[in-house]
1. Just to be sure, is A:LEU598 more than 20 Å from the chain's Cα centre (by Cα), in contact (Cβ under 8 Å) with a residue 12 or more places away in the chain and either in a loop (DSSP other than H, G, I, E, B) or within 24 Å of A:ASP336 (Cβ to Cβ) (or both)?
2. Please state which of the following conditions A:THR797 fails to meet, knowing it meets all the rest: (1) within 11 Å of chain B (Cβ to nearest Cβ); (2) over 30 Å from A:ALA676 (Cα atoms).
3. Checking the structure you have, find out if any residue of region A:381-401 is outside any helix (DSSP H, G or I), among the hydroxyl-bearing types (Ser, Thr, Tyr) and at pLDDT 95 or above.
4. Which of (1) in contact (Cβ under 8 Å) with a residue 24 or more places away in the chain; (2) out of contact with any Leu (no Cβ under 8 Å at 6 or more places or on another chain); (3) surrounded by fewer than 20 Cβ atoms within 10 Å (Cβ to Cβ) is the odd one out, the single condition A:ARG608 does not satisfy?
5. Name the residue, out of A:ALA759, A:ALA692, A:ALA731, that is away from every other protein chain (no Cβ under 13 Å), crowded, with 20+ Cβ neighbours inside 10 Å, of a type in the set (A, V, I, L, M, F, W, C) and touching a Lys or Arg at 6+ places or on another chain (Cβ under 8 Å).
6. Among the residues that make up region A:329-342, is at least one of them among the β-branched types (Val, Ile, Thr) and either part of a helix (DSSP H, G or I) or not assigned by TED's automatic domain parsing to the domain that holds A:THR266 (or both)?
7. For region B:60-81, state whether one or more residues are farther than 22 Å from A:PHE747 by Cα and within 13 Å of chain A (Cβ to nearest Cβ).
8. More than 9 Å from chain B (Cβ to nearest Cβ), at pLDDT 90 or above and surrounded by fewer than 18 Cβ atoms within 10 Å (Cβ to Cβ), is that true of A:PRO725?
Amino acid sequence: MHHEHTFRCPLPNGLHARPAGLLADLAAEFNSDIELTNERTGAIANAKSVLSIIALDVNLDDACRIHIAGADAEAALAALSDFAANIMPKCDDTPSTPVIDDAIKLPRLLLKAGIRLHEGTPVSAGIGQGVAVTAHGSTLPADLDGEDDRSCDEEQRKARLALASLRNVLKTKLADRLSPAEAGILRAHLSIAGDVALEEKIAELISVDLSAGQAIMQAGEFFASRLMEADSAYVRERAIDVEDICQQLLEHVLGGQFQAAGIELTEPSVVLAKNLTPRQFLALDKHLLKALVLEHASTTSHTVILARSFGIPTLTGVANLRANVPTGREVVVDADLGVVITEINAIVRRYYQRERSKFARRQDRLARHIQTPAVTRDGRRLEVAANVATADELAPAFERGAEGIGLFRTEMLFMGREEAPSEEEQLDIYTRAAQAAGGRPVIIRTIDIGGDKPAPYLNLDQEDNPFLGYRGVRIYPEHRDLITTQLRAIIRASAFGVVRVMAPMVCSVEEARWFKGLIAEIQMELKAAGAALDPAMQIGVMVETPSVAFILDQLCEVIDFLSIGTNDLLQYFLAADRCNKKVAYLYNSLHPAFLRLLAKIVEDARRRGCWVGMCGEMARDARRLPLLIGLGLDEISVAALDVLALKAAITRLSAAECDEALAAALACQDVAEVDALLDACDGGGAARSLLAPELITTDSDSVSKEEVIKEIVDSFHVAQRTDDPLAVEEAVWMREDIHSTALGHGFAVPHCKTDSLAANSIGMVRLKRPVEWNSADSQKVQCVIMLAVRESDSDGTHMKVFSKLARRLMHEEFRARLLGASDCEAVYEYLTEELELPRIRHTPSALTGEKP
Amino acid sequence: MKIVAVTACPTGIAHTFMAAEQLEKTAKALGHEINVETQGAMGIENELSPEDVRDADAVIFAVGIEVEQRDRFDGKKIIEVEVQEAIKHPKAVFEKLGA
């Protein structure tokens, strides 16, 4: 049966947008042969091929003819004519509203900006703005020409073979058990690899004397560029598929591995990539790298760890990354909120200018902790050190207040290369580290490689269960040269600073003795050869396997210190894989059993005079500090970026209260109880005064209610009275949404109750230009006072101050004094007097309201 | 007139007290005696006794939420207004009492 249907293309953008995909998918449902002809050009396309339809270049008003031949022609006709009449005309409708996921929390200011945001998972905090640059996974060999004396026929054969091989590979993969998402991608790839138009294009290019490689490249570019121009993300996705397919085809044609691509940055940039190797990351110019967006990476991937070390804001898991974030456009990556913003309008620009300035002020305020050690209010010291993986990270870490290097991971020196680094190469790195530390301790962990970390030259077997397998210290006896070389370099470097060495994955005293014995041997050899070294270099082990907790009496006779690697220890102890979505909920360091384990470890170690540090993720959460201080740890080691905030937090805590908190936690029955306990801990907030000059602004240039509220909450954030300013803002808006807090007479009193605040606070902003507060009423507001109280606070004293303030605001004289006061200090003095607040002596902490 | 009042707003931090202050100021200016109980985040302050209520000529509730122990006022004529009204137009509230 034959049928025909004619129509005129109703679409302004022609048939190279979404409709091509829909048409091809629809046609593919039928067995009949279906052809689409562009009557203007006379070109004919297989209607089941997206690429073919696009190649037809059907424009608005072009006459088109569909020709159907086959057993189900009638059904096909009905469907296709319906498509042409009813569905096609609607294809180019742009989505009506910006797509904002309800699940992300956004400040009101950004919600009002009315822009489209792309959600991602923050893995390294901060905000970065720059031009989007796409990193390709691999470069193509420069020479695609193939042999000089190639023949057309030979190249055609190569191309056909490549296509056939690729299709087979894809079909085979599809036969495996796959997730629906993976299967979807593979099917899309298969349909492109099987797209007749692609094959024809390649053949056409070869026939004009291109090599198979060049033909594939150009055919890919031809289709991909057309598709990339589409507004629809769906179609742009196909372009990426085309590029992917062509890469794979090239690999089939050319064989061999491709090199990982280097990326040159020429201006402040945001790099987008499917994934990035640590090497690629390190090669990037850090001054120009403002942020990183990765399609795939977990929080413990090495690249992410490096990004944190260097303070590069990073997001992962941004859907349809390259389709949604166009290369060459200026974008903002907000890794605090977890979004990428691709349209920067005036509101966004201003918002981020203010965010940057707030961030700078927050850093300034933290700056006084850089040089000083972190000590609690009642005198207990907790050293805060940094984790690094390269010698370059040390200087920035010390600039950010690190008191030492608690963990220098050395694996990266060994990965992604053809052979192990030489002794001299390693010596150079360790020496630079020791010197950069200038007398501060540097703990170097010897190579910790196993199933999950690739170093092919070691020829480690693939294991079914690498995490319980051949890794860490276990491989040293068999790879004696490897470990000896590394230890020689470390020992020689010990002459240049305070170097300490630590072994990973130790589970028995025997292993510790072996390690120590090897070191002693090497030291003897080196001394005999006249090399300088530190004979008192301290030797320690990681605590990762639970067994260590029960043999500390014996172990501490052999070693000098311990560092608790909570990431692995927690996994092994609770037998739960943190990457397994189904059981990840069990992986929680607040599990009372884990806290008891930690308590035992620290107690046993200290009884034997052994120093105990902690270098896992548990250490970086300020909320858990009371437990860590209560445990009596000597040190915590975290990413460089986290150091200052933790040091500041420590100075606000009381060790006595922390001891109590830990005792209570150890008696808890489950994580929820411990959580509630931590919520009630206010991080020393009760000791802080309600008001401080830094919470007062008398010359604000905020122009809207949203800006004012954010400005006051930001002042709380800068003053470290909250770590979650967004939550505080939400609490204020929750109250504000019920009824405007404008009082009349140019005043407003937004307020809230929330535990996202560490200390009850009063903030004030006096505006240069009055701002509208309540749209229902024409009166504008000149002075805004925010009252913020902790939900779980039962301290009546502060509430009395609030009620007094509220009452005073009803009096003309009081308001006039606030409006007329010359500056922050004047306002502060007046309020302190009127509200009878305790006076604070004028010391640096007076600015911040912290009791000395 | 002898007046008793209760102020209570949802969050209980600011408006409860502002309303109390306004009612007290305005009553004084109009020559009335007033006793205001606040029901705020700290709980009930300046709790009105049964005698206070019995002796009162009028009762004002300036509230945005349920009044606690409302049964104390059974049998009394109560003028109930929004907290905002008491803050912004306190005189009008007293006018409602016919005072």
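The values are calculated or read from the model by the stated rules, or taken from the named source; none is laboratory data. In this text, all values refer to a predicted model and were calculated from it rather than measured experimentally. As a convention, Cβ positions derive from the backbone with ideal geometry for all residues, glycine included, and neighbour counts pool all protein chains shown.
1. Working: more than 20 Å from the chain's Cα centre (by Cα): yes; in contact (Cβ under 8 Å) with a residue 12 or more places away in the chain: yes; either in a loop (DSSP other than H, G, I, E, B) or within 24 Å of A:ASP336 (Cβ to Cβ) (or both): no.
Judged against the criteria, A:LEU598 is not a match.
2. (2)
3. Taking region A:381-401 as the starting set, the residues that turn out to be outside any helix (DSSP H, G or I) are A:381-390, A:400-401.
Remaining after also requiring among the hydroxyl-bearing types (Ser, Thr, Tyr): A:390.
Add one more test, that the residue is at pLDDT 95 or above, and what stays is none.
No, that holds for no residue.
4. Only one criterion is unmet by A:ARG608, namely (2).
5. Values: A:ALA692 fails: touching a Lys or Arg at 6+ places or on another chain (Cβ under 8 Å); A:ALA731 fails: away from every other protein chain (no Cβ under 13 Å).
Sole residue among the options that is away from every other protein chain (no Cβ under 13 Å), crowded, with 20+ Cβ neighbours inside 10 Å, of a type in the set (A, V, I, L, M, F, W, C) and touching a Lys or Arg at 6+ places or on another chain (Cβ under 8 Å): A:ALA759.
6. No, the conditions are met nowhere in region A:329-342.
7. So far as region B:60-81 goes, yes, one or more of its residues are farther than 22 Å from A:PHE747 by Cα and within 13 Å of chain A (Cβ to nearest Cβ).
8. It is false that A:PRO725 is more than 9 Å from chain B (Cβ to nearest Cβ), at pLDDT 90 or above and surrounded by fewer than 18 Cβ atoms within 10 Å (Cβ to Cβ).
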